[in-house]
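What follows is one structure encoded as structure tokens, with my remarks underneath.
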There are 2 protein chains.
Amino acid sequence: MGLILAIDDLSVKKALEILNDVCDYVDGIKIGIPFLIRNSSSDLKSLKTSCTKKLWIADLKLADIGYIMVRTTDLIAGFFDAIIAHSFVGIKNGLDELARYCDENGLKLVLVATMSHEGAKELYDFALIRMRDIVKQVNPWGLVAPATRPEVIYFLRRTLGSKIKILSPGIGPQGALPGEALCAGSNYEIVGRLITRSNSPLKAVQEIISAQKRKLRECGINMR
Amino acid sequence: MGLILAIDDLSVKKALEILNDVCDYVDGIKIGIPFLIRNSSSDLKSLKTSCTKKLWIADLKLADIGYIMVRTTDLIAGFFDAIIAHSFVGIKNGLDELARYCDENGLKLVLVATMSHEGAKELYDFALIRMRDIVKQVNPWGLVAPATRPEVIYFLRRTLGSKIKILSPGIGPQGALPGEALCAGSNYEIVGRLITRSNSPLKAVQEIISAQKRKLRECGINMR
């Protein structure tokens, strides 16, 4: 159980500063679309070499036909251990092609099972059972489920078993408290702005980890 | 009614060559995620200045929380007239924020109502009515619906009215013939590989336009 730092729209300089401070304390780094569009592959490389032996996740939230998802992933595969795609696109000529590419290239596939914002209730939750079944069939390394709705995490954990990794965004500006998702069955909490916008990212990370540990003691789970 | 060229994973050089040949014959250019990740904003600029007065569409297939979709769009807004996002992310704290940004910045919003590959039948079609209602509520400039399933285009056109623009991918490698989507109610057919992989992109475009016109005569619609 742990903490993943989300870097979405920082400059390379700022991202490097924050990584230097917090690298030792986080389990992974998730890089969002704005950063990937704004910066070059050499920027990505310098970022990655500044914080090795962590789980590096490309969060393009891929949601296209298989051909485009594979072409996109192929462009960034060298810099990442895992990529995130939407389960909503379905399997045939979609996730099947992406999963095959990931298998063949030693990449971890993470599927969004549902999202953290209010709008996820309009469609993503409505189709939750089908989404869960798609995740089951694709059998990816991990899934994304929102810290803002622990009951969804709990449901997915109970019905998909203990092997799949659950990654949960939504802590901080979106409303969830550190540790709540871990208590519901997540393996990682994803935190961005609460760390990147802090005057002291290191202090923010340490406070989040303390809060996670407190919450986990409350719910009777041993961390790490 | 017309034709949009899709540029997904070409080099800048190749894209410029093709655009020089076919610019006069197409109504718009849709740029996909691989191209946007691989190339810089100055590449985008040179592409755009090589073929002006056309509809330039950024096809990131945005599917994230509102904050990330807005940040991403803001990075590329200067180069495009329209952007594509997925309707399945829902409205609250999602598409509402993106639609507001588009309104304020004179960008056309295009929502994916459903997709062109087989996998779209697993989830996207299952939720078609809800998807249609989200499109109705957001009231975007346009929507994406697959040329591979004209019955879905027909349904969306009949239930959403004549004002909304319908853009249809899926012609060529994915199986639809030029003109089929237009006959079902689309405004634009989106064609990529059938043109970009041709030995003569210009000839490919001219043949597609001829085929569209033939098909439209068959179904009794006057083109342009």
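The values are calculated or read from the model by the stated rules, or taken from the named source; none is laboratory data. Quick caveat: nothing in here was measured; it's all calculated off a predicted structure. Virtual Cβ from ideal backbone geometry, glycine too; neighbours counted across all protein chains shown. Please note that ligands, DNA and RNA were not included when accessible areas were found on the heavy atoms of the full protein model with its side chains. Shrake-Rupley method; radii C 1.70, N 1.55, O 1.52, S 1.80 Å.
Quick look at the numbers
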read-out	value
Tally of residues being within 8 Å of chain B (Cβ to nearest Cβ) and touching a residue at least 24 places away in the same chain (Cβ under 8 Å) across region A:114-134	8
Subset of region A:67-95 (residues that are more than 21 Å from A:ALA145 (Cα to Cα) and small (Gly, Ala, Ser))	A:ALA77, A:GLY78
Residue count for region B:58-76, restricted to those that are of a type outside the set (A, V, I, L, M) and not in a helix (DSSP H, G or I)	3
Single residue of region A:172-190 satisfying the filter (touching a residue at least 24 places away in the same chain (Cβ under 8 Å) and within 14 Å of chain B (Cβ to nearest Cβ)) that is surrounded by the most Cβ atoms within 10 Å (Cβ to Cβ)	A:ILE190
Among residues of region B:33-45, those that are within 14 Å of chain A (Cβ to nearest Cβ) and open to solvent by 50 Å² or more (accessible area, probe 1.4 Å), counted	4
Residue list for region A:82-113, filter: more than 10 Å from chain B (Cβ to nearest Cβ), part of a loop (DSSP other than H, G, I, E, B) and not hydrophobic (A, V, I, L, M, F, W, C)	A:ASN105, A:GLY106
Search result, residues across region B:13-32 that are open to solvent by 10 Å² or more (accessible area, probe 1.4 Å) and within 14 Å of another protein chain (Cβ to nearest Cβ)	B:LYS30
Selection from region A:100-121 of residues that are touching a strand residue (DSSP E or B) at 6+ places or on another chain (Cβ under 9 Å) and open to solvent by less than 20 Å² (accessible area, probe 1.4 Å)	A:CYS102, A:LEU107, A:LEU109, A:VAL110, A:LEU111, A:VAL112, A:ALA113, A:THR114, A:MET115, A:SER116
Top-ranked residue of region A:46-78 - restricted to ones that are surrounded by fewer than 23 Cβ atoms within 10 Å (Cβ to Cβ), of a type in the set (A, V, I, L, M, F, W, C) and touching a Phe, Trp or Tyr at 6+ places or on another chain (Cβ under 7 Å), ranked as nearest to the other protein chains (Cβ to nearest Cβ)	A:VAL70
Qualifying residue in region A:151-167 (condition: buried (at least 19 other Cβ atoms within 10 Å of the Cβ) and within 14 Å of chain B (Cβ to nearest Cβ))	no
Whichever residue in region B:122-133 is closer than 14 Å to B:ALA145 by Cβ and modelled with pLDDT under 90 and, among such residues, is most open to solvent (accessible area, probe 1.4 Å)	B:ASP125
